[in-house]
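Reviewing the structure listed below.
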Amino acid sequence: MIIKKFIYILILLALTNCGYQPIYNKSKNTNYSIKDIEIEGNKKINRKIITFANLKENNNQAYSYNVSLNSTKKIEIVSKDQAGTASIFRTTISVNLSLKDPNNKNIIVKSKNFTSSFSYNNTKNKFDLQQYQKNIEENLIIKIAEEIIIFLNL
């Protein structure tokens, strides 16, 4: 019993003194500044990513990037039943993020493609299926936005 308490105290001291900081800390200064945001592809997805990843144009720093977002959404049939109707769908969202030099937009400083997908079963009620697909899309966008935050802060 005393050993368990001692171990918990050691872990607590180690975590408080090791410089641990949460990745998504809002007050943390970012390593980047955005001069201009250029969006291509699915504008709805791009706007949600800009909102969730908190990408804002900020010209206060001496050097800032031009950001280019290109997104696509694809809903495909993975499996069909014996009658030929779709039984399993897959929604895939891909976002290509490029950080470009502000002086020359043809020079790409950093670039990465983010892809996330989810498979789900068909339902007889098409309204419920549509609402479920919107929910899946929202979750995939949030996941990609989190990956973008990590990518930009490295």
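No lab work stands behind these numbers, since they all come straight from the coordinates. Everything quoted here is computed from the prediction, not taken from an experiment. With ideal geometry, Cβ positions are generated from the backbone for all residues, glycine too; neighbour counts draw on all protein chains shown.
Structure remark: mean-square fluctuation, Gaussian network model of the chain, C-alpha springs under 10 Å; the largest value among PHE127, PHE118, PHE52 belongs to PHE127. Students often get this wrong, so check it: of LYS5/LYS143; LYS43/LYS124; LYS56/LYS105; LYS43/LYS100; LYS4/LYS143, which have C-alpha atoms separated by over 27 Å? Distance filter (> 27 Å) returns LYS5/LYS143; LYS43/LYS124; LYS4/LYS143. Taking the chain as a Gaussian network of alpha-carbon nodes connected by springs under 10 Å, the highest mean-square fluctuation of the residues ASN104, ASN66, ASN122 belongs to ASN104. Can you give the net charge of the other residues whose Cβ lies under 9 Å from the Cβ of ILE45, counting K and R as +1 and D and E as -1? Around ILE45, the charge tally is +4. Placing one equal scatterer on every Cα of the chain and applying the Debye formula, the log10 ratio I(q)/I(0) at q = 0.14, 0.18, 0.20 Å⁻¹ is -0.80, -1.03, -1.19.
Per the Debye calculation on the range 74-154 with a single equal scatterer at every Cα and no solvent contribution, log₁₀ I(q)/I(0) for q = 0.17, 0.22, 0.25 Å⁻¹ amounts to -0.75, -1.00, -1.15.
Charged side chains reduced to their Cβ positions (Lys and Arg at +1, Asp and Glu at -1) give the chain a dipole of some 220 debye around its Cα centre.
Using helices alone, I'd like the mean residue ellipticity at 222 nm for the chain: each DSSP H run of four-plus residues gives -39500 (n - 2.57), total over residue count, nearest 500.
Calculated mean residue ellipticity at 222 nm is -12000 deg cm²/dmol.
Across the chain, the mean sequence separation of Cα contacts (distance under 8 Å, 6 or more residues apart), normalised by length, yields a relative contact order of 21 percent.
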